Every structure is written in structure tokens, then in C-alpha cells.
1. Quick check for you: with a 1.4 Å probe and neighbouring chains kept, what is the accessible area per residue of the chain, in Å²?
2. Under a plain spin-label model, where a point goes 7 Å from the Cα along Cα-to-Cβ, how far apart in nm are ASP701 and LEU442?
3. Taking the Cα-to-Cβ direction at ALA801 and at ASP315 and moving 7 Å from each Cα, how far apart do the two end points lie in nm?
4. When the Cα centres of region 388-403 and region 245-297 are compared, how far apart do they sit, in Å?
5. What Kirkwood radius, in Å to one decimal, follows from the Cα pairs of region 224-362?
6. Could you tell me how many degrees, from 0 to 90 and to the nearest 10, lie between the Cα long axis of helix 337-349 and the main elongation axis, the longest principal axis, of the Cα atoms of the chain?
7. Which of (1) 89, 76, 62; (2) 77, 57, 46; (3) 102, 69, 43 is the computed Cα extents along the principal axes in Å for the structure on display?
8. With θ set to phi - 60° and the Karplus curve 6.51 cos²θ - 1.76 cosθ + 1.60, what are the ³J(HN,Hα) couplings of region 793-802 in order, to the nearest whole Hz, using x for Gly and Pro?
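The values are calculated or read from the model by the stated rules, or taken from the named source; none is laboratory data. All figures in this text were calculated on a predicted structure; none of them were measured in a lab. Positions of Cβ are backbone-derived with ideal geometry, glycine not excepted, and every protein chain shown enters the neighbour counts. Heads up: the accessible areas ignore ligands, DNA and RNA and are worked out on the full protein's heavy atoms, side chains in. Shrake-Rupley method; radii C 1.70, N 1.55, O 1.52, S 1.80 Å.
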Amino acid sequence: MLATALLLALCACGPRTDRQLQTLYDSATGEILQGEMARARRLCDQGLTSAGNEPDSPWLWKFRLLQDEIRLISRELGEPFPNLDATLPERTDFGWVRAKQQQLKGQFALVRNRFPEAVETLTEAGRLATAASANDVLLDAETLKGVALLRLGRSEEADEVLAATAGRAQQARDRYREASAVVNRGMGYLLRNRADEALPYFERVVAMSDTSSLMVYAVALRNAGVSYARLGDIERAIAIQRRSVEVNEKRGPPVYLEQALGVLGATFVLKGSHREAVEYLRRAYQVAADGKLYEDAARWADNLTSSYSTLGAWDDAERMNAEARRLNELAGTRTFVYNTYHRAVIAAGRGQRLEAARLYENVLSDTTTPPSLKWEVRAQLGGLSADSGRLIGASRHFRAALDVIEGTRSELLATDYKLSFLNRLIQFYELYVNVLVDQRELDAALTIADSSRARVLAERHGIAAPTRPTVASFRRAAADLQSVLLFYWIGSAKSYAWVITRDQVRFVPLSTSAAEIGPLVRDYQKVIVESLGDPVAGRAGAGDQLYEKLIAPVAPFIPSGTRVVIVPDGELNTLNFETLPVPGPQRHYWIEDVEVAIAPSLGTLSTAARPAASRQDRSVLLIGDPVSTDPAFPQLKFASAEMTAVSNAFVGRTSVYRADQATPGRYRESKPSEFGIVHFTAHASANAESPLDSAVILSRDGSGYKLYARDVAEQMLSADLVTISACRSAGERTYAGEGLVGFAWAFLRAGAQRVIAGLWDVDDRSTAELMGRVYTQIAEGRSPAAALRAAKLEMIARGGAASKPYYWGPFQVFIGTRVVP
């Protein structure tokens, strides 16, 4: 209303003064920042009329360029932009206009994906703006330059530019441009799949209450939602993306609304809620199509086709696929291979297998087909063959798909959210393993199953997956470790176990599935963690059923006193097998029969064996009892006692950093590679979908209070043992098991030989006592696995509350490269 009143007041005036024109210009730009594009256009048109038709008038050019800026922001690119290439008078009063023209030329190049040209043009715009003291243009040019650098993959340079721009905007008290630079810094981390680091930048802008009326606030909401989705927090992602949609429905150009709607729809796809996804994807498609944003409209139409196919709505899928092709033609897309792929999926869904196979083969023969589609087509062909009972043909297609997966950089395979890609990858491996088992190619099924575990872990860490190992290497690992290796495969329909010793590999079918195992594991966790139950005291509970389904079938091959290295699967990662009750007249925990360690995959055990560190080499880096700066991670009651217990076990060989000295920076400066043992007494945050975003929670320093797993991986270790003794109030929270495995693997990849970490939090004196006993025995020369088991058995033997699994069961030993005991 204020802008409308201003417009009427100006219309009632005679000739305009510079001050009046500046007020009009500022009002128009203010409307742009708030997304009120129609009002901005009206004010801009008024400005053009008021400035007169003199070509040498700076104000005329200012409003002409503002008109172009509105078109660029709204992605109205169908008509040319002659003002951007026009020759301007060489006068000092045109300094600001000349800088703005150059900035918009750079913005145009950026919108057109001509990134090198954009960087060069925006650099020149910055030079002109500096010469003209045009600070607003300089800030805009530098922010856009940072974005162009990000798109070129020059992320560190981009972050420096954007950080400096945010600082200058803050000094100038320009909240919009500060927020814009901050949001784009977050985008830089998001583009590098570092969602945990990206999120604080978006949340920082969301916390700027005075920016809530600006479009940059809606962008921050949308990107925060994307970050949560990539971190696996789907419900929070949906909630915050709904807010972004609500803001964009009230104001802003159509391109902002359709992107907010499309992103929300894609998040529902990740959740598996395709009916809800269709609602938002359809709206995104319609808004983009109405706005003649053909490339975006084609993308949402393509996503709609996929969701309709998943729902079995084949007529809707066919209609939307045809629309996607039409829009791709309007957008000038040169390849229509995805449209052919969707036609194949639709044909297969309708039972037209021959037609589906023909179309899939057409996709494979198309020279424009990317690797991300080739492997899926091969997998689909394998599925068609398997459904028809042609197992040899199915195996051939699956092998071809695997060749593409293993021979292609992961970023060329993962074309959308990593979570969605991994879900498809896991489904492919399950089909392939089942076909191999049906063909009785049991050794091949084991190597493929284990390579899937290694591949998923590698993708979650954003690193190259290891080469596929052999069954012979598994047997050598069992021999070197003097252990039985126990590999679990829990499928949606069929489940298996493999028992590997130095002499042979046994295949053991399991009469269970993921749908059955998941609830049992969760129920058992509740018994132990929430109810503080004693599973040995009762009978026929979830623990007994888990033993019957998981341990009893393999027990004949695992004699009492055996060392066992388990490679879990799925929700088994949240289960401590040691706590399972062994049936019989004298019920007891499985830990009383065997010594258990966990491995992320068999492949991680297949590198050259290394001897364990000698007793004399075991110097200790002890970091913990941090100062709490985050309510989510409160102060630890017994951290000091635990650190004292560990330190007493290694008198004279311990470097201790506690309280405000226990910071991420102090860890990095302490030369951790020189220590035989690294022990953290602190909270930890494990992330299943992005393990390198897992962190140990320390005291705050200049770099924050989180020591990320990626920081550890970048600073190599040679430690025989890393322990993350994370404690918190009883039963408050459990970790995502796969997140814990990924977290441990980050330390293993950094060079640690073993990792002790916890499945749930225990803030109790028993933890300090347990760790004290563990480290006393390690100092005496026992292996970490043997020392941890002995300490647990001592707690069980003492009886009382501490004998319950809640107190001794959270901590597990994870092993990576083979360590000869």
C-alpha cells in the first residue's frame, strides 16, 4: 500500500527532481527484493515516463536497466536485451550506470549458464563499481561472481569471494545483500554434498527476522529444507519446505514458486509418498509451463512421469511423458532418451515385456545415454529376464549394470539426491544377489553382496568405492584375524548369512526378512535402552526371536570361545549381538560364548594385514569433558572421572586436553598421527546418510565445536585404537546404527586400526568404570576387543543393575584393515 500511495503522489507532480526519481527507483528495487514484481514493473514504467526521453539522461538508463533486471530475475528471456550491449555516454555521471550495465551482462551470462564469461564480466563490473563508488552494484556483482565460480567448481575461491561480500554488506548494514551472500555460501557447500556445513548458513538467514519479508528468506527456507532432506531428516525438510511454498505463494516471480513446489514434491518422492509428491510436482509443472519456463516444466513433468509410474497410474504416466517430450522440444533439448526410458517403464508396467525390452535396448543404443541411465536400464532388463524365469539372461544384464556402476565416477551415476540414488542402488543389488543365489552361484553372490555394502558406504562418504574383493581374500582375512567372519544379507523377501573361516565358506539361508527383523530389533532396543530390561531373566521375547532367526542357524559353525567378526545389514547395525540371550537350562548372553567385533564390510578386511601396535607404542591422546555450548549436548556428569581412569592406566604416556582446551583445533594441532590411542570423552552425532557429516562434540573454538569425521579423515592416523565414549542421560536417544558404522569407518579410513563407539548413550558412573578397566587391560597388552569383552563380563558377573545390557552393551569394537592379534 505504501508503494501504491507513493506512485499516486508522484503521478500528481510536475517535472521530477533527482531526489524524486531516486525515491521512485528505490521503491521499485524494494518491491523487487520483496518479490512484488508487478508493483516493481509499475514503478519502473512510471520511472521511465518521468525520466523523459533524453538518451543522455542517466535516469532513463537506470530505469531501462531496472526493467531488464526484473526480466532477468523473473527468467523472462524470450526477448532480447539490447540495453545490455548499448553504448553509454563517456561521462562521470554515468559511472554507476556503466557498472550496473556490466553487472547485468554478467547476470545474463550466468542465467544462460555461460559461467567463464560471467566471471570475467562480473569482475569488470566490480572494477567499474569500485571506480564509481557504487557499493550496491559492487556487492551484487561479487555475489553473482561467487555463484559463477561455484558453478565452475572453484568452490574455495567462491567461498572467499562470498565471505568477503557478506562482511562488506554487514559493515554497510545492507541486510539483503548480506543474506544473499550468506545463502550462496551455503549453496557452495550444498553443491559439494556437504549439507551439514551448508545448513548453518541457511539457518543464519532464517534467523534474520528483519529479512522475513524478502525473497532471499524464502530461498533460505527452501535450501534449508533441501539440506535436511539430504541429511535424511525428511519430516523436518518437508515442514520447512512447506513454509517456503507458503511465502512464495504470497509473492515473488513464478520461477521461485515453481522451484519451491518442485523441491517439496521431490522430497515427498524421497519419503516414498508419491501421491503427495504428485500434488506438488503437478503444481510446479503448471506454474513453470504457464510462465513459459519450458526447461523447468519439462523437469517436473519428467518427475511426475516417474511418480505416476511408481503408483501404477500408467495412463497418467504416458500423458505426462508425452508432455515432457513436448516441453523438451520447446526448450531446445537435444536428447529425448529419458522419454524413451519412461515409455519402456510404462510398457513393462502394462505387461508389454517385448515392447519394454525393445525400448530399453533403444535407450542403450542411443549415444546420448549417460551412465546414470545405462546401469538402470541394464538393471530393468535384468528384472524383466528374472520375472520370466530366464536367470542366465538376468545375470548377464546385472553383470553389465555392475560394470557400468564400478567403472563410472559416482557423481555421473548420482544425478539426483544421494539418498534416492542409494535406494535404487540397494534395490538393484538385492535383485542381483537373489538371482545368483537361485543359480547356486553362492560365492559370487557373497562378493556382490559385500561389494554393495562397500559401494553404499563409499557413496555416503563421497569417495571412490574399493575394487570388488574375492572369496579367497575373505578366507585369508579370517585366517589372519584368527576369527570366523559372519556376513548378513537381510532382504525384502529373502535373507542369507555366510560363515567364512580360513578353510571354507558356508552359505546359510535365513527364514526372515527386513520387514520382520526391523520391528524385532526396534522392540529389543526398547527393552534394553528404555525399559532397562534383563533379557536373560525372561523368555520368548524379541531377543529370543532374534537369536533364533540370526544366531541359531549359524551356531553349529561357531564354537564357544571363537572370535567372531560380524558384518551386519540394515537395522542389524543397531543391534549389539553380544546382548542376545542364548536359550537353554542356563540362559546367558552370547558375549559369554564369543568375542565379537564389527566390520563395515568384508572388503575392508581384505587389505594387507598389519601387526597390532606394541604395548610400548601405545601413547594416548585424551580429549574430552568439553564445555557445553549447545543445549542438545549437555555437560557430561562423569566425563572427568572417565578421563582420570583412562589417564591412570597410561601414567606418563598421556597427552590430555579437557574442558575449554578440548576443541577441534586443539585436536588438529596435537599431531594425532603420532599417538597409538586416541580417546574422546564427549558426545557424538552420527549421520547415516552422510557419515562424513558425523562429528565429535567438543568445546567451541574459532572453527566451531564439531570435529567432523571428514576432518579426521583428512588428517591421517596410525592409532591402534580410537574410542568415542559418548555419554548422555539414560535412554534419551539412540544412534542410527548405519550412521555409527559410517562414523567408525571414517576413523578406520583415516588409518585407525580399531574403533570403539557406542550404539546408545549412557551417562553413568559405570561407563567411567568400564573404560577404566578396558584401558588397564589394554595397557597390560590385551587387544581392545578382548579387553572390552573382559570388562563387560566382569560387570555381568558382579550382578546388580550394572549387569544389565543397558550399561555394558552400547560399546562395540569396529575393525577395518586386518590387525594380527
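1. With all protein chains present, the chain gives 40 Å² per residue.
2. Calculated label separation equals 5.4 nm.
3. 6.6 nm
4. 38 Å
5. 15.4 Å
6. Helix 337-349 and the main axis of the chain meet at about 50 degrees.
7. (3)
8. 4, 5, 5, 5, 5, 5, x, x, 4, 5
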